[in-house]
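First the structure, in the form of C-alpha coordinates, and then the observations on it.
The values are calculated or read from the model by the stated rules, or taken from the named source; none is laboratory data. In this text the structure is predicted, and so the values were computed from the model without any measurement. Positions of Cβ are generated from backbone atoms using ideal geometry, with glycine treated the same way; all protein chains shown enter the neighbour counts. Areas reflect the complete protein model, heavy atoms only, side chains present, ligands, DNA and RNA absent. Shrake-Rupley method; radii C 1.70, N 1.55, O 1.52, S 1.80 Å.
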Amino acid sequence: MYILGIESSCDETAAAVVIDGRTALSNVVASQVDLHAKFGGVFPEIASRAHVEAIAPVVDQALEQANVSLDRIDAIAVTRGPGLVGSLLVGVNYAKGLAMGAGKPLIGVNHLEGHIYSLWLTEPFDEVVFPVLILIVSGGHTSLILMRDHGNYQQLGSTLDDAAGEAFDKVGRLLGLPFPGGPNIERAAAEGDSLAFAFPRVKTDNDFDFSFSGLKTAVLRTATIPGAKRHMPSLKPDVSVPDMAASFQRAVVNLLVEKTARAAQEFGATEIFLSGGVSANTLLRQTMRAKTELPVRFPPLRLCTDNAAMIAAAAYHRVIALHEGDLAAISDGWEMDVRPTWLLT
Ligand code: KG4
Ligand code: ZN
(Lines give C-alpha, C1' and ligand atoms only; values in the text may rest on other atoms or scores of the structure.)
(Ligands and ions follow the chains in the order given, each with its own letter.)
Protein backbone atom coordinates (compact mmCIF):
# COMPACT_ATOMS: atom_id res chain seq x y z
CA MET A 1 0.00 0.00 0.00
CA TYR A 2 1.49 3.35 -1.10
CA ILE A 3 0.59 6.26 1.16
CA LEU A 4 1.48 9.89 0.53
CA GLY A 5 1.94 11.61 3.91
CA ILE A 6 1.68 15.36 4.43
CA GLU A 7 2.73 17.21 7.62
CA SER A 8 2.42 20.93 8.43
CA SER A 9 1.46 21.10 12.11
CA CYS A 10 4.28 23.37 13.28
CA ASP A 11 7.26 24.81 11.43
CA GLU A 12 8.18 22.01 9.05
CA THR A 13 6.45 21.51 5.71
CA ALA A 14 6.90 17.85 4.89
CA ALA A 15 5.75 15.16 2.45
CA ALA A 16 6.72 11.53 2.02
CA VAL A 17 5.78 8.40 0.12
CA VAL A 18 5.81 5.27 2.26
CA ILE A 19 5.11 1.66 1.28
CA ASP A 20 3.31 -0.50 3.86
CA GLY A 21 4.14 1.83 6.75
CA ARG A 22 7.75 0.73 6.57
CA THR A 23 9.69 1.74 3.50
CA ALA A 24 10.01 5.46 2.89
CA LEU A 25 10.64 6.02 -0.82
CA SER A 26 11.00 9.72 -0.09
CA ASN A 27 10.87 11.94 2.99
CA VAL A 28 11.11 15.63 2.12
CA VAL A 29 11.24 18.20 4.93
CA ALA A 30 11.36 21.97 4.35
CA SER A 31 12.35 23.49 7.66
CA GLN A 32 11.46 27.06 8.56
CA VAL A 33 14.00 27.19 11.36
CA ASP A 34 15.85 30.18 9.86
CA LEU A 35 12.62 32.18 9.55
CA HIS A 36 11.82 31.75 13.24
CA ALA A 37 15.35 32.01 14.63
CA LYS A 38 15.17 35.75 15.20
CA PHE A 39 12.03 35.33 17.33
CA GLY A 40 13.57 32.56 19.44
CA GLY A 41 10.51 30.39 18.81
CA VAL A 42 7.90 29.57 16.21
CA PHE A 43 5.91 32.61 15.07
CA PRO A 44 2.50 31.16 14.04
CA GLU A 45 1.50 33.65 11.33
CA ILE A 46 4.88 33.41 9.64
CA ALA A 47 4.70 29.62 9.85
CA SER A 48 1.33 29.51 8.03
CA ARG A 49 2.56 31.77 5.24
CA ALA A 50 5.71 29.73 4.77
CA HIS A 51 3.65 26.51 4.60
CA VAL A 52 1.50 28.02 1.85
CA GLU A 53 4.61 28.75 -0.20
CA ALA A 54 6.31 25.41 0.46
CA ILE A 55 3.55 22.84 0.35
CA ALA A 56 3.09 22.34 -3.41
CA PRO A 57 6.82 22.05 -4.24
CA VAL A 58 7.43 19.80 -1.22
CA VAL A 59 4.66 17.37 -2.22
CA ASP A 60 5.84 17.39 -5.86
CA GLN A 61 9.38 16.70 -4.69
CA ALA A 62 8.24 13.78 -2.51
CA LEU A 63 6.47 12.14 -5.47
CA GLU A 64 9.41 12.85 -7.77
CA GLN A 65 12.03 11.46 -5.39
CA ALA A 66 9.90 8.38 -4.82
CA ASN A 67 9.58 8.08 -8.59
CA VAL A 68 5.84 7.50 -8.42
CA SER A 69 2.93 9.42 -9.88
CA LEU A 70 -0.13 10.41 -7.90
CA ASP A 71 -2.01 7.63 -9.74
CA ARG A 72 0.08 5.02 -7.95
CA ILE A 73 -0.78 6.41 -4.50
CA ASP A 74 -3.45 4.43 -2.62
CA ALA A 75 -4.29 7.07 -0.02
CA ILE A 76 -3.30 10.54 1.18
CA ALA A 77 -2.63 10.94 4.91
CA VAL A 78 -2.37 14.34 6.52
CA THR A 79 -1.74 15.67 10.04
CA ARG A 80 -5.04 16.92 11.38
CA GLY A 81 -3.79 17.94 14.84
CA PRO A 82 -2.61 18.73 17.42
CA GLY A 83 -0.68 21.77 16.27
CA LEU A 84 -0.95 25.40 15.21
CA VAL A 85 -4.33 25.99 13.64
CA GLY A 86 -3.10 28.12 10.75
CA SER A 87 -0.32 25.66 9.94
CA LEU A 88 -2.59 22.61 10.12
CA LEU A 89 -5.11 24.24 7.79
CA VAL A 90 -2.55 24.55 5.01
CA GLY A 91 -1.71 20.84 5.02
CA VAL A 92 -5.29 19.65 5.47
CA ASN A 93 -6.69 21.84 2.72
CA TYR A 94 -3.90 20.92 0.32
CA ALA A 95 -4.40 17.21 1.04
CA LYS A 96 -8.14 17.55 0.53
CA GLY A 97 -7.68 19.25 -2.84
CA LEU A 98 -5.19 16.63 -3.95
CA ALA A 99 -7.35 13.72 -2.78
CA MET A 100 -10.51 15.13 -4.29
CA GLY A 101 -8.86 15.92 -7.60
CA ALA A 102 -7.23 12.50 -7.90
CA GLY A 103 -10.13 10.54 -6.40
CA LYS A 104 -8.03 9.13 -3.54
CA PRO A 105 -9.04 8.31 0.05
CA LEU A 106 -8.09 10.96 2.62
CA ILE A 107 -6.91 9.99 6.13
CA GLY A 108 -6.54 12.53 8.96
CA VAL A 109 -3.73 11.55 11.33
CA ASN A 110 -2.92 12.56 14.90
CA HIS A 111 0.57 14.08 14.97
CA LEU A 112 1.46 12.25 18.20
CA GLU A 113 0.47 8.93 16.67
CA GLY A 114 2.81 9.90 13.83
CA HIS A 115 5.69 10.36 16.27
CA ILE A 116 4.93 6.92 17.70
CA TYR A 117 5.01 5.23 14.29
CA SER A 118 8.30 6.88 13.40
CA LEU A 119 9.68 3.92 15.37
CA TRP A 120 8.06 1.44 12.99
CA LEU A 121 9.83 3.00 10.01
CA THR A 122 13.17 1.50 10.94
CA GLU A 123 12.65 -1.30 13.46
CA PRO A 124 11.42 -4.78 12.51
CA PHE A 125 8.47 -4.51 14.84
CA ASP A 126 6.13 -7.24 13.65
CA GLU A 127 6.19 -8.94 17.01
CA VAL A 128 6.10 -6.05 19.48
CA VAL A 129 4.64 -7.23 22.77
CA PHE A 130 2.23 -4.65 24.14
CA PRO A 131 1.86 -2.65 26.34
CA VAL A 132 4.70 -0.33 25.41
CA LEU A 133 5.45 2.92 27.21
CA ILE A 134 6.00 5.90 24.95
CA LEU A 135 7.56 9.23 25.80
CA ILE A 136 6.97 11.87 23.16
CA VAL A 137 9.14 14.91 23.77
CA SER A 138 9.22 17.71 21.24
CA GLY A 139 8.89 21.45 20.88
CA GLY A 140 5.14 21.20 21.21
CA HIS A 141 4.56 18.08 23.30
CA THR A 142 5.64 16.18 26.38
CA SER A 143 3.44 13.11 26.73
CA LEU A 144 3.72 9.81 28.51
CA ILE A 145 1.49 7.36 26.70
CA LEU A 146 0.73 3.72 27.38
CA MET A 147 0.21 1.97 24.04
CA ARG A 148 -1.84 -1.16 24.70
CA ASP A 149 -2.13 -2.13 21.05
CA HIS A 150 -2.14 -0.50 17.62
CA GLY A 151 -4.57 2.39 17.86
CA ASN A 152 -5.16 1.86 21.59
CA TYR A 153 -3.62 4.55 23.79
CA GLN A 154 -3.87 5.79 27.35
CA GLN A 155 -2.36 9.16 28.11
CA LEU A 156 -0.71 8.85 31.53
CA GLY A 157 0.62 12.37 31.78
CA SER A 158 1.65 15.44 29.87
CA THR A 159 3.14 18.84 30.53
CA LEU A 160 1.19 21.35 32.56
CA ASP A 161 3.04 24.29 31.04
CA ASP A 162 5.96 24.31 28.59
CA ALA A 163 6.86 21.31 26.46
CA ALA A 164 10.33 19.88 27.10
CA GLY A 165 11.66 21.17 23.76
CA GLU A 166 10.09 24.55 24.41
CA ALA A 167 11.95 24.69 27.74
CA PHE A 168 15.20 23.92 25.89
CA ASP A 169 14.39 26.65 23.37
CA LYS A 170 13.51 29.26 26.01
CA VAL A 171 16.55 28.50 28.18
CA GLY A 172 18.76 28.52 25.09
CA ARG A 173 17.52 32.01 24.39
CA LEU A 174 18.18 33.13 27.98
CA LEU A 175 21.73 31.85 27.64
CA GLY A 176 22.22 33.68 24.36
CA LEU A 177 22.42 30.47 22.31
CA PRO A 178 20.97 30.26 18.78
CA PHE A 179 17.51 28.77 18.04
CA PRO A 180 16.59 25.95 18.36
CA GLY A 181 17.86 25.70 21.91
CA GLY A 182 17.89 21.89 22.21
CA PRO A 183 20.86 20.98 20.01
CA ASN A 184 22.73 24.16 21.00
CA ILE A 185 22.29 23.52 24.72
CA GLU A 186 23.46 19.96 24.15
CA ARG A 187 26.55 21.25 22.36
CA ALA A 188 27.33 23.86 25.05
CA ALA A 189 26.69 21.31 27.82
CA ALA A 190 29.42 19.04 26.47
CA GLU A 191 31.98 21.55 27.83
CA GLY A 192 30.19 22.18 31.13
CA ASP A 193 29.83 20.75 34.63
CA SER A 194 26.31 19.35 35.06
CA LEU A 195 26.63 19.49 38.85
CA ALA A 196 27.51 23.21 38.93
CA PHE A 197 23.90 24.25 39.63
CA ALA A 198 21.11 22.42 41.39
CA PHE A 199 17.61 23.31 40.17
CA PRO A 200 14.36 22.76 42.05
CA ARG A 201 12.05 19.97 41.02
CA VAL A 202 8.41 20.94 40.57
CA LYS A 203 5.86 18.58 42.07
CA THR A 204 2.71 17.86 40.10
CA ASP A 205 -0.59 16.49 41.45
CA ASN A 206 -0.60 13.71 38.90
CA ASP A 207 2.68 11.92 39.32
CA PHE A 208 3.13 11.42 35.57
CA ASP A 209 2.58 15.03 34.57
CA PHE A 210 5.51 17.34 33.87
CA SER A 211 6.20 20.98 34.57
CA PHE A 212 9.16 22.89 33.17
CA SER A 213 8.31 26.54 33.65
CA GLY A 214 9.76 26.61 37.21
CA LEU A 215 13.03 25.29 35.87
CA LYS A 216 13.11 28.00 33.24
CA THR A 217 12.44 30.65 35.91
CA ALA A 218 15.21 29.19 38.06
CA VAL A 219 17.66 29.55 35.17
CA LEU A 220 16.44 33.10 34.59
CA ARG A 221 17.03 33.98 38.28
CA THR A 222 20.40 32.28 38.53
CA ALA A 223 21.91 33.29 35.22
CA THR A 224 20.60 36.73 34.36
CA ILE A 225 20.87 40.21 35.82
CA PRO A 226 17.78 41.04 37.91
CA GLY A 227 15.44 43.64 36.51
CA ALA A 228 16.51 43.07 32.92
CA LYS A 229 13.69 42.94 30.39
CA ARG A 230 12.20 39.46 30.25
CA HIS A 231 12.42 39.17 26.51
CA MET A 232 15.97 40.54 26.43
CA PRO A 233 17.78 39.31 29.55
CA SER A 234 21.50 39.96 30.09
CA LEU A 235 23.69 37.22 31.49
CA LYS A 236 25.55 37.80 34.74
CA PRO A 237 29.25 38.14 33.87
CA ASP A 238 30.39 35.32 36.14
CA VAL A 239 27.90 32.73 34.89
CA SER A 240 29.36 29.91 32.83
CA VAL A 241 27.02 29.15 29.92
CA PRO A 242 28.37 25.58 29.52
CA ASP A 243 27.85 24.87 33.24
CA MET A 244 24.35 26.32 33.14
CA ALA A 245 23.49 24.40 29.95
CA ALA A 246 24.82 21.15 31.41
CA SER A 247 22.98 21.60 34.72
CA PHE A 248 19.71 22.48 33.00
CA GLN A 249 20.02 19.55 30.60
CA ARG A 250 20.66 17.19 33.50
CA ALA A 251 17.59 18.47 35.37
CA VAL A 252 15.28 18.00 32.36
CA VAL A 253 16.69 14.59 31.49
CA ASN A 254 16.46 13.31 35.06
CA LEU A 255 12.83 14.39 35.31
CA LEU A 256 11.90 12.75 31.99
CA VAL A 257 13.76 9.54 32.73
CA GLU A 258 12.55 9.11 36.27
CA LYS A 259 8.86 9.48 35.42
CA THR A 260 9.14 7.34 32.30
CA ALA A 261 10.94 4.50 34.09
CA ARG A 262 8.45 4.58 36.96
CA ALA A 263 5.43 4.57 34.63
CA ALA A 264 6.91 1.66 32.66
CA GLN A 265 7.23 -0.34 35.83
CA GLU A 266 3.82 0.57 37.23
CA PHE A 267 1.97 -0.30 34.01
CA GLY A 268 3.96 -3.41 33.15
CA ALA A 269 5.39 -2.10 29.88
CA THR A 270 7.63 -4.46 27.91
CA GLU A 271 9.63 -1.73 26.19
CA ILE A 272 10.14 2.02 26.23
CA PHE A 273 9.96 4.07 23.04
CA LEU A 274 11.20 7.65 22.82
CA SER A 275 10.14 9.94 20.04
CA GLY A 276 9.99 13.65 19.10
CA GLY A 277 12.73 16.23 18.59
CA VAL A 278 14.10 16.09 22.14
CA SER A 279 14.65 12.33 21.82
CA ALA A 280 17.62 13.29 19.64
CA ASN A 281 19.34 14.27 22.91
CA THR A 282 22.25 11.95 23.66
CA LEU A 283 22.13 12.36 27.44
CA LEU A 284 18.42 11.49 27.40
CA ARG A 285 19.08 8.36 25.35
CA GLN A 286 21.99 7.26 27.52
CA THR A 287 20.32 7.98 30.84
CA MET A 288 17.11 6.22 29.83
CA ARG A 289 19.08 3.14 28.87
CA ALA A 290 21.06 3.28 32.11
CA LYS A 291 18.04 3.68 34.40
CA THR A 292 15.85 0.83 33.18
CA GLU A 293 16.36 -2.79 32.32
CA LEU A 294 13.67 -2.67 29.65
CA PRO A 295 14.69 -2.30 26.02
CA VAL A 296 14.71 1.39 25.07
CA ARG A 297 14.27 2.34 21.43
CA PHE A 298 14.32 5.64 19.63
CA PRO A 299 14.09 6.59 15.95
CA PRO A 300 17.18 7.64 14.00
CA LEU A 301 17.86 11.37 14.27
CA ARG A 302 16.24 12.34 10.96
CA LEU A 303 12.95 10.73 12.07
CA CYS A 304 12.96 12.22 15.60
CA THR A 305 11.92 15.65 14.39
CA ASP A 306 8.76 16.41 12.42
CA ASN A 307 8.46 14.60 9.11
CA ALA A 308 5.72 13.17 6.91
CA ALA A 309 6.96 9.56 6.64
CA MET A 310 5.77 9.05 10.21
CA ILE A 311 2.32 10.40 9.27
CA ALA A 312 2.04 7.97 6.36
CA ALA A 313 3.23 5.12 8.62
CA ALA A 314 0.63 5.93 11.28
CA ALA A 315 -2.13 5.97 8.67
CA TYR A 316 -1.02 2.60 7.30
CA HIS A 317 -1.05 0.89 10.70
CA ARG A 318 -4.47 2.35 11.43
CA VAL A 319 -5.85 0.96 8.16
CA ILE A 320 -4.35 -2.48 8.78
CA ALA A 321 -4.90 -2.88 12.51
CA LEU A 322 -8.29 -1.24 12.88
CA HIS A 323 -9.90 -1.65 9.45
CA GLU A 324 -8.32 -4.82 8.05
CA GLY A 325 -6.82 -2.91 5.15
CA ASP A 326 -10.13 -1.41 4.05
CA LEU A 327 -9.23 2.11 2.92
CA ALA A 328 -12.81 3.11 2.28
CA ALA A 329 -13.69 2.33 5.91
CA ILE A 330 -11.04 4.62 7.35
CA SER A 331 -11.39 7.51 4.92
CA ASP A 332 -12.40 10.89 6.24
CA GLY A 333 -15.05 12.88 4.42
CA TRP A 334 -14.40 16.21 2.73
CA GLU A 335 -15.80 17.95 5.80
CA MET A 336 -12.79 16.78 7.84
CA ASP A 337 -11.47 19.73 9.85
CA VAL A 338 -8.26 20.42 11.77
CA ARG A 339 -8.13 19.53 15.48
CA PRO A 340 -5.52 21.87 17.05
CA THR A 341 -5.86 20.31 20.54
CA TRP A 342 -6.52 16.66 19.58
CA LEU A 343 -5.68 14.30 22.44
CA LEU A 344 -4.46 10.84 21.52
CA THR A 345 -6.93 8.29 22.89
O1 KG4 B 1 9.58 17.12 17.04
P2 KG4 B 1 10.04 18.48 16.71
O3 KG4 B 1 10.76 18.70 15.40
O4 KG4 B 1 8.88 19.52 16.67
C5 KG4 B 1 7.70 19.50 17.35
O6 KG4 B 1 6.80 18.66 17.05
O7 KG4 B 1 7.62 20.35 18.26
O8 KG4 B 1 10.97 18.96 17.94
C9 KG4 B 1 11.67 20.18 17.95
C10 KG4 B 1 12.20 20.41 19.35
C11 KG4 B 1 12.82 21.78 19.57
O12 KG4 B 1 12.26 22.34 20.74
C13 KG4 B 1 14.31 21.49 19.78
O14 KG4 B 1 14.95 22.41 20.65
C15 KG4 B 1 14.27 20.09 20.35
O16 KG4 B 1 13.21 19.44 19.67
N17 KG4 B 1 15.53 19.36 20.13
C18 KG4 B 1 16.35 18.98 21.11
C19 KG4 B 1 17.48 18.37 20.48
N20 KG4 B 1 17.29 18.42 19.13
C21 KG4 B 1 16.08 19.03 18.94
N22 KG4 B 1 16.27 19.08 22.45
C23 KG4 B 1 17.28 18.59 23.19
N24 KG4 B 1 18.39 18.02 22.67
C25 KG4 B 1 18.54 17.90 21.33
N26 KG4 B 1 19.64 17.33 20.81
ZN1 ZN C 1 6.30 16.83 16.41
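Residues whose amide H lies under 5 Å from that of residue 157, counting only those 5 or more places away or on a different chain, are 144; hydrogens are built 1.01 Å from N in the peptide plane. Full extension of the segment from residue 225 to residue 39, taken as 0.36 nm per residue of separation minus the current Cα-Cα distance, would add 64.9 nm. Label sites at residue 155 and residue 69, each approximated as a point 7 angstrom past Cα along Cα to Cβ, lie 4.3 nm apart. Protein heavy-atom accessible surface, 1.4 Å probe, per residue over the chain: 42 Å². Calculate how steeply helix 164-174 sits against the longest principal axis of the alpha-carbon atoms of the chain, using the helix alpha-carbon long axis, and give the answer as 0 to 90 degrees to the nearest 10. Approximately 50 degrees, to the nearest ten.
In the distance distribution for the chain, Cα-Cα pairs more than 32 Å apart total 30 percent.
For residue 106, the shell of other residues with beta-carbons less than 15 Å away shows a net charge of -1, using +1 for Lys and Arg and -1 for Asp and Glu. Distance between the pseudo-spin-label points of residue 100 and residue 236 (7 Å out from Cα toward the beta carbon): 5.9 nm.
Relative contact order of region 129-298: what whole-number percent is it, with Cα pairs under 8 angstrom and at least 6 residues apart? Kindly include the intermediate steps, with their values, before the conclusion.
Details: 331 pairs, mean separation 48.2, N = 170.
Relative CO of region 129-298 lands at 28 percent.
So what is the relative contact order of the chain, in percent, for Cα pairs below 8 Å that sit 6 or more residues apart?
Working: 770 pairs, mean separation 87.1, N = 345.
Reported as a whole number, the value is 25 percent.
For residue 2, neighbours were defined as the other residues whose beta-carbon sits under 15 Å from its Cβ, and their charges (Lys and Arg +1, Asp and Glu -1) total -1. Between residue 122 and residue 20, the distance separating the two model label sites (each 7 Å from Cα on the Cα→Cβ line) works out to 2.1 nm.
Positive contributions from Lys and Arg (+1) and negative ones from Asp and Glu (-1), summed over other residues with Cβ under 13 Å from the Cβ of residue 270, come out at -2.
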